[in-house]
Amino acid sequence: MNKKRIGIWGFGKVGKSAVSYFLHKNYAIEVLDKRELTAQEKMFLEKHNIAYRRQKNLEQFLQRNYIILPSPGIDLRNFQRYEQKFICELDILQKEFCKPIIGITGSVGKTTITNIVDQTLQSQSINVWTGGNIGTPMLNLIKEKDYVDNIDIALLELSSFQLDLCKIFCPDIAVWTNFFPNHLDRHTNLDAYFQAKKKLIINQNKNQYALLPIEIIDTLQPLEQYKSKIYFFSNKRPTDNLIKKLRTKDQLLYAQKNKIFKISRHDNTETEIATIDNSDNFIFQENLLIIYSIFYIIKKYYELSETNLQKLKLQQLEHRLEKFCTINGIVFYNDSKSTTPASTIAAVKKLSDKPIILLLGGLSKGVDRSPLIKKIKPYVKRIVSFGKESEILKKLCNNENIPCSSFKKLQQAVIYSFTYAVTGDQILLSPSGSSFDLFENYILRGNHFKQVVRQIKELQLR
């Protein structure tokens, strides 16, 4: 009997994880990648009798394979005629992983929240497996049964690309942090981006939970299409008219100063449930509200001791508003993870008590950055743009009468920023765009920024 053919489209982290998973299934595997594989990668495929195709064989690859697992980074809009063949990691995980799943998505902040939830769960002696968009492919979780048996809960950071192909995925706790324009170079329009994100909650059942920002309640209508118990959250107490839009089984969690309150629609009660402490001051208040809300829901699954974030020593996450260095009274912040206008606006506002020299750059991903320039105008002393879109950014600044200098390289921009700055200034790398014009990822961009700052500091000490 001939084996069914499965095509693995892309041989990066996800592709390699998929190959490893399907090796133990009754499939003939074929791999396609646009790059030339390394000798070691080719040896692995040959050892396991896996065919390797180059991009020029794409059409043949799509036709000959019964099912196809594309890597999340691949734009499938021109291949809708093969849509019935495409599968995704999340649907496979849904079928094979029987433990609780927390899925976290959003336009900004999801990595920070995922990391802190991971820390907190582990501090409660809960065996958590964390992966997804945060770096570890999801199929790694289900390869070994003995390993899975020792896991209590899976914590997944999920991008719109990973969610886009989902048909059955339904996490036990779905967390949607926020929604801002992003990835419009990949999604056809803002609605398509929203629909991809919405797949996090659309398949949930009545025994599952969703935590959603109140700002998207109108776009979600009608709420009756969702079966899960929904907890909406807000950074302030919403208007009564907005609260009335909740279903009777929904609840609302909102922050007021340093306290969190819960409003229950079924009996119209309002109670205080937690106190927020952010003495370390590197976590956005909005993120802390979401984290407290997540653990309020998690208690439905586990008998947790009181989760006290005041006593938990949270680690500063690299490349996320990371206070990195001070030279001659000038403070450097590395916020390279900021790849959207919304995250840059949040960073600028958080540091607005002192003058800011802001480094903007990267690729806009189809998002108009002119509203960003208008919103940050009251908070910045000067903008220094860099990279492929540096001149575009400079023109936007000129339109708003904001002082701006532009450079092709990040190194040039950092050095200029330091020569321009005076004691008491803050130099903030918060690009608001993806790194792909100059760097392979935001980590390399942030590391390069820090390397240049170190070189500046060494020169000052001579």
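Here Leu62, Leu58, Leu45 are screened, and the one residue that is over 23 Å from Asp164 (Cα atoms) and part of a helix (DSSP H, G or I) is Leu45.
Quick grid of which residues meet (1) of a type in the set (Ser, Thr, Tyr); (2) outside any loop (DSSP other than H, G, I, E, B); (3) closer than 25 Å to Leu317 by Cα; (4) free of Cβ contacts under 8 Å to residues at least 60 places away in the same chain:
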site	(1), (2), (3), (4)
Val348	no, yes, yes, no
Ser352	yes, no, yes, yes
Ile402	no, no, no, yes
Ile415	no, yes, yes, yes
Gly424	no, no, yes, no
Ile427	no, yes, yes, no
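Cβ-Cβ under 8 Å, sequence separation 6+ or interchain: first residue in the stretch 204-221 and closer than 16 Å to Tyr193 by Cβ, partner surrounded by 10 or more Cβ atoms within 10 Å (Cβ to Cβ) and of a type in the set (Lys, Arg). Which pairs? Within 8 Å, the pairs are Leu220/Lys198. Flag: Lys349 does not match the condition of being at pLDDT 95 or above and among the basic types (Lys, Arg). Scanning the stretch 198-249 for residues that are out of contact with any Leu (no Cβ under 8 Å at 6 or more places or on another chain), under 16 Å from Cys170 (Cα atoms) and assigned to a helix (DSSP H, G or I) yields a single hit, Gln225. Give Leu461, Leu358, Leu372, Leu351 a once-over and let me know the one that is over 17 Å from Ser338 (Cα atoms) and of a type in the set (A, V, I, L, M). When all the criteria are applied, what remains is Leu461.
Taking the conditions (1) assigned to a helix (DSSP H, G or I); (2) free of Cβ contacts under 8 Å to residues at least 24 places away in the same chain in turn, Ser125 satisfies each one other than (1). Tell me yes or no: at least one residue of the stretch 68-85 is in a helix (DSSP H, G or I), outside the structural domain of Lys167 (by TED's automatic domain parsing) and aliphatic (A, V, I, L, M). No, the stretch 68-85 has no match at all.
Here's the yes/no breakdown for (1) of a type outside the set (A, V, I, L, M); (2) closer than 22 Å to Lys337 by Cα; (3) not assigned by TED's automatic domain parsing to the domain that holds Asp185:
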| residue | (1), (2), (3) |
| --- | --- |
| Gln412 | yes, yes, yes |
| Ala421 | no, no, yes |
| Phe436 | yes, yes, yes |
| Tyr442 | yes, yes, yes |
| Val452 | no, yes, yes |
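The set of residues in the stretch 80-124 that are under 20 Å from Glu318 (Cβ atoms) and either at pLDDT 95 or above or in contact with a Ser or Thr (Cβ under 7 Å, 6 or more places away or on another chain) (or both) comprises Ile104, Gly106, Val108, Gly109, Lys110, Ile113, Thr114, Asp118, Thr120.
Take the conditions (1) touching a strand residue (DSSP E or B) at 6+ places or on another chain (Cβ under 9 Å); (2) farther than 28 Å from Asp172 by Cβ; Asn78 misses just one of them, which is (1).
Apart from one condition, Ile345 fits all of (1) of a type outside the set (Ser, Thr, Tyr); (2) assigned by TED's automatic domain parsing to the domain that holds Gln455; (3) surrounded by fewer than 18 Cβ atoms within 10 Å (Cβ to Cβ); the exception is (3). When Gln411, Gln460, Gln451 are screened for being at pLDDT below 95 and either surrounded by fewer than 17 Cβ atoms within 10 Å (Cβ to Cβ) or outside any helix (DSSP H, G or I) (or both), only Gln460 passes.
The values are calculated or read from the model by the stated rules, or taken from the named source; none is laboratory data. Quick caveat: nothing in here was measured; it's all calculated off a predicted structure. Every residue, glycine as well, gets a Cβ built from its backbone with ideal geometry; the counts of neighbours run over all protein chains shown.
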